[in-house]
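Worksheet for the structure shown next.
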Amino acid sequence: MAEQMNIADELLTSMEQAVGIAEGTVKPGRIWTPPEINVADIRKRTGLSQVRFAARYGFSTAAVRDWEQKRRTPEKAARTLLMLIDKEPQAVERVLVGA
């Protein structure tokens with residue numbers, strides 16, 4: 001659980017830094033790289049099939065399948081979104097419904 005909070009805290013800090021950089025109130029610092037993740041585990045925790053998971057979160061079904069079969073690795077931005085889906089799925093849903 002402590003590791004999950006650490007990742008969530010680091011992600012939140014990174015997002016706050018990104019907003020500050022975009023607003024010009026923060027100078028760019030270190031570049032954060034999301035860790036390797038297990039896409040299949042994240043998807044299974046949502047209870048969705050590959051097709052429904054891809055459709056709900058804007059991924060291609062082929063990408064989800066390739067990530068799960070380790071033929072491809074999600075890009076940094078996709079890994080960040082996948083981490084959010086895993087840790088704060090309700091927040092992601094609120095953002096996507098409002099978009």
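A Cβ distance below 6 Å, combined with a sequence gap of six or more or placement on separate chains, defines the contacts here; from region 56-67, residues that are open to solvent by 40 Å² or more (accessible area, probe 1.4 Å) reach no residue that is assigned to a loop (DSSP other than H, G, I, E, B).
Scanning region 30-55 for residues that are in contact (Cβ under 8 Å) with a residue 12 or more places away in the chain and open to solvent by less than 60 Å² (accessible area, probe 1.4 Å) returns W32, P34, P35, I37, V39, A40, I42, R43, T46, Q50.
Screening E3 against (1) at pLDDT below 75; (2) open to solvent by 70 Å² or more (accessible area, probe 1.4 Å); (3) within 12 Å of the chain's Cα centre (by Cα) leaves a single unmet condition, (3). Do you know which of the residues in region 82-98 that are open to solvent by 60 Å² or more (accessible area, probe 1.4 Å) and touching a residue at least 24 places away in the same chain (Cβ under 8 Å) is farthest from A8 (Cα to Cα)? Per the stated criteria, the residue is L96. Look at A77 and say whether it is part of a helix (DSSP H, G or I), exposed (fewer than 14 other Cβ atoms within 10 Å of the Cβ) and within 10 Å of the chain's Cα centre (by Cα). Spelling it out, A77 is indeed part of a helix (DSSP H, G or I), exposed (fewer than 14 other Cβ atoms within 10 Å of the Cβ) and within 10 Å of the chain's Cα centre (by Cα).
The values are calculated or read from the model by the stated rules, or taken from the named source; none is laboratory data. In this text, all values refer to a predicted model and were calculated from it rather than measured experimentally. All Cβ positions, glycine included, derive from the backbone under ideal geometry; neighbour counts span all protein chains shown. Surface accessibility is based on the protein's heavy atoms, side chains included, excluding ligands, DNA and RNA. Shrake-Rupley method; radii C 1.70, N 1.55, O 1.52, S 1.80 Å.
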